[in-house]
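See structure below.
The values are calculated or read from the model by the stated rules, or taken from the named source; none is laboratory data. These numbers were taken from a predicted model, which means no experiment stands behind them. Because the Cβ atoms are built from the backbone with ideal geometry, glycine has one as well, and the counts that use them run over all protein chains shown.
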Amino acid sequence: MGALTFTEEFTSPVPAGKLFNALVLDSDNLLPMIMPQAFKSVETIEGDGGPGTIKKINFSSEFKYLKNRVDALDKDKMMYAYTVIEGDALPDKVESISYEVKYEATPDGGCKGTNVSKYNLKPGAEIGEEQLKVAKAKAMAIFKFVEAYLLANPAAYA
């Protein structure tokens, strides 16, 4: 089984703690509320939200669901790691996708972050650059949607 790893850095005018709270700690509630066209619901299948927790994301789009396993959650360091382990939105050539996201405050009151994505491919499988670009674009669109919501609602997650 091969693996492809990508590291992306991003910046935001939104404070790190606010983004972490919205995108990590409360995304189960926030995403279906502000993006009902994409997210139907998020349910915890097992666990308490910490490492080992399994969550099922139900979509309102062409896909039905994904299941994620929380691998690490460090609120003090604003770091979150999880693995997509199942679902019809998982590409057929991919066994799983692991993500590790970190948020850091910047002197201007915003934040910078790092997202490491690791695509664990099925034996003999290859994945095209175009398919990866589409996946990255979807993830960035969700981030930008949440960022815009937080900028428009300064009291949220304050």
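Listed here are the residues, each with its yes/no results for (1) over 14 Å from Thr11 (Cα atoms); (2) not aromatic (Phe, Trp, Tyr).
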{"site": "Pro107", "(1), (2)": "no, yes"}
{"site": "Ser117", "(1), (2)": "yes, yes"}
{"site": "Glu129", "(1), (2)": "yes, yes"}
{"site": "Ala135", "(1), (2)": "yes, yes"}
{"site": "Met140", "(1), (2)": "no, yes"}
{"site": "Asn153", "(1), (2)": "yes, yes"}
{"site": "Tyr157", "(1), (2)": "yes, no"}
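Considering the range 1-46 alone, what residues qualify as being more than 20 Å from Asp71 (Cβ to Cβ), in contact with a strand residue (DSSP E or B) (Cβ under 7 Å, 6 or more places away or on another chain) and either charged (D, E, K, R) or part of a helix (DSSP H, G or I) (or both)?
Glu9, Ala16, Pro32, Lys40, listed by residue number.
Which of (1) surrounded by 15 or more Cβ atoms within 10 Å (Cβ to Cβ); (2) within 24 Å of Ser12 (Cβ to Cβ); (3) polar (S, T, N, Q) does Asn29 not meet, given it meets every other one?
(1)
Run Glu147 past the list (1) surrounded by fewer than 17 Cβ atoms within 10 Å (Cβ to Cβ); (2) within 16 Å of the chain's Cα centre (by Cα); (3) among the acidic types (Asp, Glu) and report the number of the one that doesn't hold.
So Glu147 meets the others, but not (1).
Give, as residue ranges, the strands (runs of 3 or more DSSP E) completely inside the range 52-158 that count at least 3 residues that are at pLDDT below 95, under 17 Å from Thr5 (Cβ atoms) and of a type outside the set (A, V, I, L, M).
111-121
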